[in-house]
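Everything below concerns the one structure shown next.
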Amino acid sequence: MPPLDVEQPLPLKALLIQGQALRRTMASLTLTAVLILSALVYLSHDWVLEQGAGLGLTPAAAVALQVGLLLLVTNFLAGLFFFQLHFRSAGTQHQVLSEVHEVAVTAEARALAAVYSLQETVEMDRSFQEQLNLTVRESELTAQDIITRVSSLKQTATELLSYLNSSGHDAGDMETEIRQGVEFISSIGHFVEELPNKIRQEMSVIRDAIEGIRQIEGLAVSIKDVSKQTNLLALNAAIEAARAGEAGRGFAVVADEVRALAARAATAADTIEGGLTHTLEAVDRSLSVELLSDSARQLEEAATVVSAINRLSESYDAIREFYTTMFTVITRHNTELAEQIGEVLGRLQYQDVASQRIGRILNAVDARTTCIQSALEEGAAAGKRTQDLQGELHALAKSYLEEESRHLGAALTESVAEEEGPRIELF
Amino acid sequence: MSKTILVVDDSATMVMSLKASLEMAGFKVETANDGVQAVGKLKSGVKPDLIITDINMPNMGGIDFIRAARGLPGLRFTPILALTTESQQAKRDEAKKLGATGWLVKPVGGADLLKVIKQVLPGA
């Protein structure tokens, strides 16, 4: 802003011009009147002496009368002229002074308004300073809160990753144990699977044995027949022995023994036959076809357990793959998250940049407030103070802009940074 | 063993931000709020592998701190990075003359900061 040029009010200027013109007019008129008066005295000198001699006046009295009359007339004319001139001039002066008075009153009102405005500005500056300080403090606290939360976020992400990692390992361990279990159960399954065939084979052997037993049963019947025949034979032998008398006595004893043996053989054959029948009935019940088929079905069902366990093992493979994939994906996202958090933390440094910028503004506002306050307190010597205040404020603005230009690089806009040189420079 | 970085800044936000970024990257971080406090830490036995300092600070500014740090035993070759809002070439030149390793204008993103640290701190 250029220095303040204080101009005089227009009516006052006109008045001053008029005054100067009046002085010049009065001076020239006075000079002209003196010249005219001197010329009249000189030219009318002889005529006055003649007229005076005719009236019986002495030359000195005639000249004195002439000069006196001329002065009287001249003074009257000059007085009349100056009166008229002064009368007009005084009217103009009055009008001009009235206008000047109005201008002065307006100027005073303006000056007072300016002073009150400056006082208000000082008060507002103080309010602004308080609010800006509060804003800086709040933004600082907010930025710190964000840093804490973002750090906690990263911590949580890292813990999640660690959890997934250990879960993956746990799944791996579990899978090994399950695989071993599956192998064990598979061998049992295979055994169970083979069991119906084995049982069938065993049953075939048993049936052969039963057939053998049945043959033995037939043998018992044969023994019983032989025993009957033997008994009859022994009975015939005993009859024949009795006929023979004394000579057949020994033979009769043998015949009795043979009959006893036949009876015992028949009893033994009955016992064998009864035992075999009982055994065969029991085995038949145990190996009934229906029972066997039920057992076989159950065994086949048991065998399906193996395939179920194998499918379970495959499911664990899928779970482990799921964990591995999730771990890989989350690791990648976690890395990206860490990078993003790093950038966010970097951007939060802008709070410090903004805080310093506001600090410089506050310093400038504070200096301006002091400057204005000092000018207001010194008050009355307003003309000079106004000039001083303007100069001081101008110097303050210049100083602020210079200070600010030293920090232009500290901005988020890359275009500004390019003008100020590299943001990152290694020496 | 993780490397130690000394962060010197009068702004609590800056200190927190840098501490969080650097700790996330696996560094051990020591902090100080101005040059006087930082010199005190260095004299009390803190041996940083890298120093990151602000320039405009109360009590002792960054330029004076760099001068003081370079005068301490064992810190002659420790990298010192200035991280500041200052962009004036004269200040950069002064810091360079006093032995600063680099000049970074705030704000610096996490990736950029780690890139610079890897350049000045081999093996980090």
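State whether the residues of region A:322-329 include one that is surrounded by fewer than 14 Cβ atoms within 10 Å (Cβ to Cβ), modelled with pLDDT of 80 or more and of a type in the set (S, T, N, Q). Yes; the residues of region A:322-329 include at least one that is surrounded by fewer than 14 Cβ atoms within 10 Å (Cβ to Cβ), modelled with pLDDT of 80 or more and of a type in the set (S, T, N, Q).
Yes/no matrix, rows are residues, columns are (1) within 10 Å of chain A (Cβ to nearest Cβ); (2) without any contact (Cβ under 8 Å) to a residue 12 or more places away in the chain; (3) aliphatic (A, V, I, L, M):
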residue: B:V15; (1), (2), (3): yes, no, yes
residue: B:L18; (1), (2), (3): yes, no, yes
residue: B:G26; (1), (2), (3): no, no, no
residue: B:G35; (1), (2), (3): no, no, no
residue: B:G45; (1), (2), (3): no, yes, no
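For A:G248, the criteria (1) more than 23 Å from A:R264 (Cβ to Cβ); (2) touching a helix residue (DSSP H, G or I) at 6+ places or on another chain (Cβ under 6 Å); (3) in contact (Cβ under 8 Å) with a residue 24 or more places away in the chain hold in every case but one, which is (3). Within region B:53-66, is there a residue that is free of Cβ contacts under 8 Å to residues at least 12 places away in the same chain and more than 9 Å from chain A (Cβ to nearest Cβ)? There is no residue in region B:53-66 that is free of Cβ contacts under 8 Å to residues at least 12 places away in the same chain and more than 9 Å from chain A (Cβ to nearest Cβ).
Do we find that A:E140 is of a type in the set (D, E), part of a helix (DSSP H, G or I) and without any contact (Cβ under 8 Å) to a residue 12 or more places away in the chain in this structure? No, not satisfied.
Comparison of A:I319, A:I272 shows that the only residue that is farther than 30 Å from A:A241 by Cβ and modelled with pLDDT of 80 or more is A:I272.
Report whether or not B:I66 is farther than 27 Å from A:S152 by Cα, outside any loop (DSSP other than H, G, I, E, B) and β-branched (V, I, T). Yes, satisfied. For region B:70-93, taking the residues that are under 17 Å from B:K3 (Cβ atoms), free of Cβ contacts under 8 Å to residues at least 40 places away in the same chain and not polar (S, T, N, Q), the one that is nearest to the other protein chains (Cβ to nearest Cβ) is identified as B:L81.
Could you list all residues from region B:103-122 that are touching a residue at least 12 places away in the same chain (Cβ under 8 Å) and more than 17 Å from B:S21 (Cβ to Cβ)? If the condition is that a residue be touching a residue at least 12 places away in the same chain (Cβ under 8 Å) and more than 17 Å from B:S21 (Cβ to Cβ), then B:W103 is the only one that fits.
Within region A:89-144, which residues are within 14 Å of chain B (Cβ to nearest Cβ) and either in contact with a strand residue (DSSP E or B) (Cβ under 6 Å, 6 or more places away or on another chain) or surrounded by fewer than 11 Cβ atoms within 10 Å (Cβ to Cβ) (or both)? Scanning region A:89-144 gives a single hit, A:E138. Could you tell me whether any residue of region A:171-185 is among the basic types (K, R), in a helix (DSSP H, G or I) and over 57 Å from the mean Cα position of the chain (by Cα)? No: region A:171-185 contains no residue that is among the basic types (K, R), in a helix (DSSP H, G or I) and over 57 Å from the mean Cα position of the chain (by Cα).
Scan region B:35-49 for residues that are of a type outside the set (G, A, S) and buried (at least 21 other Cβ atoms within 10 Å of the Cβ) and the total you get is 2. Just one of the listed residues (A:R385, A:R360, A:R368) is part of a helix (DSSP H, G or I) and at pLDDT below 85, and it is A:R385. Selection within region A:150-164: residues that are farther than 17 Å from A:V344 by Cα and without any contact (Cβ under 8 Å) to a residue 60 or more places away in the chain. The member of this set that is farthest from the other protein chains (Cβ to nearest Cβ) is A:Y163. Condition (residue is more than 7 Å from chain A (Cβ to nearest Cβ), over 12 Å from the mean Cα position of the chain (by Cα), surrounded by fewer than 20 Cβ atoms within 10 Å (Cβ to Cβ) and more than 23 Å from B:L42 (Cα to Cα)) applied to region B:94-111: is it met by at least one residue? No, there is no match, as no residue in region B:94-111 is more than 7 Å from chain A (Cβ to nearest Cβ), over 12 Å from the mean Cα position of the chain (by Cα), surrounded by fewer than 20 Cβ atoms within 10 Å (Cβ to Cβ) and more than 23 Å from B:L42 (Cα to Cα).
The values are calculated or read from the model by the stated rules, or taken from the named source; none is laboratory data. Keep in mind it's a predicted model, so treat the numbers as computed, not measured. We place every Cβ from the backbone using ideal geometry, glycine too, and count neighbours over all the protein chains shown.
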